[in-house]
Amino acid sequence: MKIKLILRAAMLVLMVLGTSHGLRAHQVDTVEFEFQELEDVWRLHGEMDVAYMLPETRWVPDAGPLSRKALMKEKPEELARIRRETENTLRRYLKLTHAGKTLDWRIEFPDFAKQPFTLPEEYNDWALMTVRLVVDKQTQPGTFKLHWSEKEKATLIVLDELSNDGIPMPVEPGQSLALLKVSAPATKSPGDAASSEPEAEGDVLTERPESNIAMKWLKSGFLHVVPKGLDHMLFIVGLFLATIALRPMLWQSLLFTLAHSLTLGVCALGWLGGAQGWSWVEIFIALTIAYIGIENLFKIKVGKRRYITVFIFGLVHGMGFASVFVEQVQSVPDDKLLKPLLWFNLGVEVAQIAVILVMAILFAAIPKKRRKLAQTLGSLLVALAGLAWVVERIFFT
């Protein structure tokens with residue numbers, strides 16, 4: 001009876017993984033803009049991944065980036081289509097408001113105006129294009145905000161050199177970010193008239209509203225585990241299944257976070273070059289999941305050996321997180337990386353603890369005489385999922 005139950009569950013997990021081909025963590029694209037307050041307009045300036053803007057390659061697991069050199073040789077009709085699809089994509093997911101009213105923005109593609117047509121250079125020949133979203137300067141009091149659609153999957157990164165210490169702010173799907181606050185000029189008293197510089201007619205006062213950097217990055221770290229990091233969650237589940245006691249589980253979680261924080265920081269500082277793009281990292285992450293599940297089946301004792309294993313595997317998982325985090329902070333000077341790095345990793349740890357607590361509640365509801373079976377069955381599922389991901393990442397990506 002137990003064997004049949006385990007085999008049925010194994011078949012079920014393989015069917016689920018087969019129908020969800022390509023569902024992997026650490027594969028989230030980002031869209032990045034720099035906010036610029038100019039004399040007559042407000043502008044969002046950024047470089048977009050062309051493949052991410054097109055419907056035939058957007059969020060397609062096996063679709064890689066387009067070639068810059070090849071794209072620069074395309075016919076005018078294809079280039080016009082790319083601009084059209086880019087605008088359609090951005091209008092679908094991004095909204096700008098001021099004082100609660102939606103603003104109509106216009107889009108510019110400065111690269112396409114160059115003679116000859118030239119795209120930004122990228123070390124790996126990725127096709128990027130410069131995009132500018134422009135709105136007329138608003139004079140009435142209110143707050144200028146950016147809204148990122150909840151239907152979008154990617155994180156939007158906004159950089160403003162004049163606010164938040166120049167640290168980019170992550171805007172997750174469904175969130176908004178205040179970019180600028182406009183207020184009417186202060187009224188001068190008669191005594192100030194002689195000593196004050198006259199204000200131009202129609203002059204307005206603007207200020208950059210400060211955002212809660214800590215909470216933004218903490219939430220970003222949390223969301224990149226729950227719900228976006230399926231393989232990361234499964235690794236934590238595998239650790240839990242070795243022992244359903246909270247204390248050793250929390251120690252494993254803390255060691256794991258310390259390890260992936262180290263490699264994430266090293267990658268963010270550029271000390272490993274393009275480590276976040278190494279394809280073997282995702283394969284190795286899948287292997288760590290399979291290993292933990294298989295090791296659990298041998299009823300190992302959670303002690304020094306397991307703690308060392310968790311720490312080593314955490315170093316590899318940190319490189320996986322770097323594929324997301326490094327893109328988000330690529331424009332941040334090294335001396336300002338500490339705050340995003342600290343709060344992102346804290347968000348990851350909070351998410352891990354949340355997964356552990358959910359598992360603890362689930363096991364508390366299982367009768368004691370069935371918990372050993374549940375641990376065995378769960379560990380087998382973890383092992384099979386890890387092995388399935390290994391095969392997928394070697395042969396199908």
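The values are calculated or read from the model by the stated rules, or taken from the named source; none is laboratory data. It should be emphasised that the depicted structure is a prediction, and the values quoted were computed from it without experimental measurement. Cβ: placed from backbone, ideal geometry, glycine included. Neighbour counts: every protein chain shown. We work out accessible area using only protein heavy atoms, side chains counted, and drop any ligands, DNA or RNA first. Shrake-Rupley method; radii C 1.70, N 1.55, O 1.52, S 1.80 Å.
Looking at the range 63-146, what strands (runs of 3 or more DSSP E) fall wholly within it and have at least 3 residues that are under 20 Å from Leu159 (Cβ atoms)? Write out each step before concluding.
On the way: elements: 94-98, 101-103, 106-108, 128-136.
Where strands (runs of 3 or more DSSP E) fall fully within the range 63-146 and carry at least 3 residues being under 20 Å from Leu159 (Cβ atoms), they are 94-98, 128-136.
Of the residues that sit in the range 267-287 and are farther than 14 Å from Arg393 by Cβ, open to solvent by less than 40 Å² (accessible area, probe 1.4 Å) and assigned to a helix (DSSP H, G or I), which one is modelled with the lowest pLDDT?
Among them, the one singled out is Ala275.
Could you say whether any residue in the range 93-106 is in contact with a helix residue (DSSP H, G or I) (Cβ under 7 Å, 6 or more places away or on another chain) and either in contact (Cβ under 8 Å) with a residue 12 or more places away in the chain or surrounded by fewer than 19 Cβ atoms within 10 Å (Cβ to Cβ) (or both)?
For the range 93-106, residues in contact with a helix residue (DSSP H, G or I) (Cβ under 7 Å, 6 or more places away or on another chain) and either in contact (Cβ under 8 Å) with a residue 12 or more places away in the chain or surrounded by fewer than 19 Cβ atoms within 10 Å (Cβ to Cβ) (or both): absent.
Do you know which of the residues in the range 342-359 that are among the small types (Gly, Ala, Ser) and open to solvent by less than 20 Å² (accessible area, probe 1.4 Å) is nearest to Leu262 (Cα to Cα)?
Ranking the candidates gives Gly347 first.
Could you look through the range 232-252, keep only residues that are of a type in the set (Gly, Ala, Ser) and in a helix (DSSP H, G or I), and pick out the one that is surrounded by the fewest Cβ atoms within 10 Å (Cβ to Cβ)? Write out each step before concluding.
Residues of the range 232-252 that are of a type in the set (Gly, Ala, Ser), as a first pass: 238, 242, 245.
If we keep only those that are in a helix (DSSP H, G or I) as well, we get 238, 242.
On the way: Gly238: 25, Ala242: 22.
Checking each candidate, the answer is Ala242.
So in the range 24-55, with the set limited to residues that are part of a loop (DSSP other than H, G, I, E, B) and at pLDDT 90 or above, which one is least open to solvent (accessible area, probe 1.4 Å)?
Only one residue tops the list, namely Leu54.
Just checking, how many residues over the range 303-318 are open to solvent by 30 Å² or more (accessible area, probe 1.4 Å) and outside any helix (DSSP H, G or I)?
Result for the range 303-318: 0.
Take the residues in the range 360-397 that are in a helix (DSSP H, G or I) and among the hydroxyl-bearing types (Ser, Thr, Tyr), then tell me which one is surrounded by the fewest Cβ atoms within 10 Å (Cβ to Cβ).
Out of the qualifying residues, it is Thr376.
To keep it simple, each residue is scored yes or no on (1) at negative phi; (2) modelled with pLDDT under 90; (3) open to solvent by less than 70 Å² (accessible area, probe 1.4 Å).
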site: Asn164; (1), (2), (3): no, yes, yes
site: Gly174; (1), (2), (3): no, no, yes
site: Pro190; (1), (2), (3): yes, yes, no
site: Glu201; (1), (2), (3): yes, yes, no
site: Leu218; (1), (2), (3): yes, no, yes
site: Leu230; (1), (2), (3): yes, no, yes
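Is there a residue being free of Cβ contacts under 8 Å to residues at least 40 places away in the same chain and hydroxyl-bearing (Ser, Thr, Tyr) anywhere in the range 307-321?
Yes, because at least one residue in the range 307-321 is free of Cβ contacts under 8 Å to residues at least 40 places away in the same chain and hydroxyl-bearing (Ser, Thr, Tyr).
Give the residue that is farthest from Met249 (Cα to Cα), with candidates limited to residues of the range 288-302 that are touching a helix residue (DSSP H, G or I) at 6+ places or on another chain (Cβ under 8 Å) and outside any helix (DSSP H, G or I).
Per the criteria, the residue is Ile300.
Going by the conditions given, is His224 at pLDDT 90 or above and within 16 Å of the chain's Cα centre (by Cα)?
Judged against the criteria, His224 is not a match.
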